[in-house]
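Inspection log for the structure reproduced underneath, given as structure tokens.
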Amino acid sequence: MKKTRTFIYAGIAALALGACTNDAPDSALSVKTDGAPCKAGVPVVFKIDGNADNIVFYSGEPGHEYSLRDRRFADNDLVVDFVSYTDQSTGVHDNFQILVSCDFNGIYDSENVAAATWIDVTDKFSLPETTGQNTPSGQVSLKDYAGADNDDLVYIAFRYFDKDGTPVKNRWVVRSIDIVKVSPEGGRFNLADIKSAGWQNVVMSGAANWTLPGSQLLAAGNTASSDKDLWAVSAGFNIHTSEPSTGIVLKNIATNLNEYQYTYTEAGEYEAVFASSSVWYNSENSSTTTIKVTVTE
């Protein structure tokens, strides 16, 4: 009886030892397209062969590039685009400006706004030449006016002023604005619109204000002869931060995958990456499989 127990214990120990020496399955994949021409709007069929437990797919499009999955800062651009409008019977007056600053301290009062360095970029935008017209400004890059440090913020201001006390100046309205960060690869990320840009009134002189209801910005001309200098100043925007590229989880240990279809919407050259891994309690390994994809119209 003792011998029987000994053999049983030895068998259990051997099984346990064998279980502990099992390694995670090989994560390497073989991936091929089905050979059909790759066209924009038509699914690309990827044939997948391998035993990896986990697979994540990076298409290679902006925002989905494997090589940029850990990037936190980049040499991004800042693009601003707005629509403005002016009216009043006396015509268009030169009393509206667009300014930017990267050293404003974020304290919205006349003293601190005046202490900051503001650069006049008005001439880079298209503005109404006659009254009663909604005028698109065009997309303008403000990258050259952003600070070089990763934590620098860019502030945008609309300035309305009556500089000579002349009555009945024209009314200026900013109908809409889009503030967009553009990555070096061309990915576009909306930072703010007219409602979310954090506008605040700063009265440099006079007694009036911009009207900031949320749907538009308005500075109204009137018959008052006193000079006024009114600013609507945005929140600060950090254009240096980078949103890490993301992938699509295709498989985990509980699923099987032999084929995957993905549709590219634009023609171009893409580097699709299948990042695969197998992670067990006693071992792990990972692999990447790269496929060059040429997409035509």
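The values are calculated or read from the model by the stated rules, or taken from the named source; none is laboratory data. Note that the structure is predicted; figures quoted are calculated from it, not measured. Cβ: placed from backbone, ideal geometry, glycine included. Neighbour counts: every protein chain shown. What goes into the accessible areas is simple: the full protein's heavy atoms, side chains included, and nothing from ligands, DNA or RNA. Shrake-Rupley method; radii C 1.70, N 1.55, O 1.52, S 1.80 Å.
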Whole-angstrom Cα spans of region 46-146 along principal axes, big to small = 76, 35, 20
Just report the Cα centroid separation between region 134-152 and region 25-55, whole Å.
-> 41 Å
Of Thr211, Thr246, Thr255, which has the largest mean-square fluctuation in a 10 Å C-alpha GNM of the chain?
-> Thr255
Considering the dipole of the chain built from charges on the beta carbon (Lys and Arg +1, Asp and Glu -1) around the Cα centre, which of Ala146, Thr130, Ala24 is farthest to its positive end?
-> Ala24
Have a look at Ala36, Ala232, Ala114 and tell me which one the Gaussian network model of the chain (Cα, springs below 10 Å) gives the largest fluctuation.
-> Ala36
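Taking the Cα centre of the chain as origin, sum charge times position over the Cβ atoms of Lys and Arg (+1) and Asp and Glu (-1), and report the length of that vector in debye to the nearest 20. Before the final figure, lay out the partial values.
Values: 22 positive and 37 negative charges, 279 e Å.
Once rounded to the nearest 20, the dipole reads 1340 debye.
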Of every Cα-Cα pair in region 30-94, the percentage lying beyond 20 Å is 63 percent
Please go through the residue pairs Lys39/Lys292; Lys47/Lys251; Lys124/Lys181; Lys47/Lys292 and name each one whose alpha carbons sit more than 20 Å apart in this structure.
-> none
Which whole-number percent is the relative contact order of the chain (Cα, under 8 Å, 6+ apart)?
-> 31 percent
Work from the charge dipole of the chain (Cβ charges, +1 for Lys and Arg, -1 for Asp and Glu, about the Cα centre) and give the residue of Ile248, Pro213, Val80 farthest towards its positive end.
-> Ile248
What's the Cα-based Rg to Rh of region 153-297, Rh via Kirkwood?
-> 1.27
Per 5 Å bin, what is the whole-percent P(r) computed from every C-alpha pair distance within region 93-221?
-> 2, 8, 18, 23, 23, 15, 8, 3, 1, 0
For all pairs of alpha-carbon atoms in region 63-116, what percent lies in each bin of width 5 Å, listed from the first bin to the last filled one?
-> 4, 9, 14, 11, 13, 16, 12, 8, 6, 4, 2, 1
Run the quick spin-label model on Ile291 and Arg72: label points 7 Å from Cα toward the beta carbon, then report their separation in nm to one decimal.
-> 3.4 nm
Please identify every one of the chymotrypsin sites (Phe, Trp or Tyr not before Pro) in region 245-293 that sits in a loop by DSSP and has no more than 11 other beta carbons within 10 Å of its own beta carbon.
-> Tyr281
Quick one: among Asn76, Asn22, Asn256, which has the greatest mean-square fluctuation in a GNM of the chain with alpha-carbon springs under 10 angstrom?
-> Asn22
Long-range amide H partners of Leu191 with built H, under 5 Å | Ile179, Val180, Lys181
Can you tell me the dipole magnitude for region 196-297 around its Cα centre, using point charges on the Cβ only (Lys, Arg +1; Asp, Glu -1), in Debye to the nearest 20?
-> 280 debye
What label, among (i) 61, 24, 14; (ii) 49, 22, 18; (iii) 27, 25, 17, belongs to semi-axes √(5λ) of the Cα gyration tensor in Å computed from the structure on display?
-> (i)
So how tilted is helix 2-20 from the main axis of the chain? Cα-based, degrees 0 to 90, rounded to 10.
-> 30 degrees
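Give the accessible surface of the chain per residue, rounded to a whole number of Å², with probe radius 1.4 Å and ligands, DNA and RNA excluded.
53 Å²
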May I ask you to evaluate 6.51 cos²θ - 1.76 cosθ + 1.60, the Karplus curve with θ = phi - 60°, for each residue of region 180-187 and list the ³J(HN,Hα) values in order in whole Hz, giving x for glycine and proline?
-> 10, 9, 10, 6, x, 8, x, x
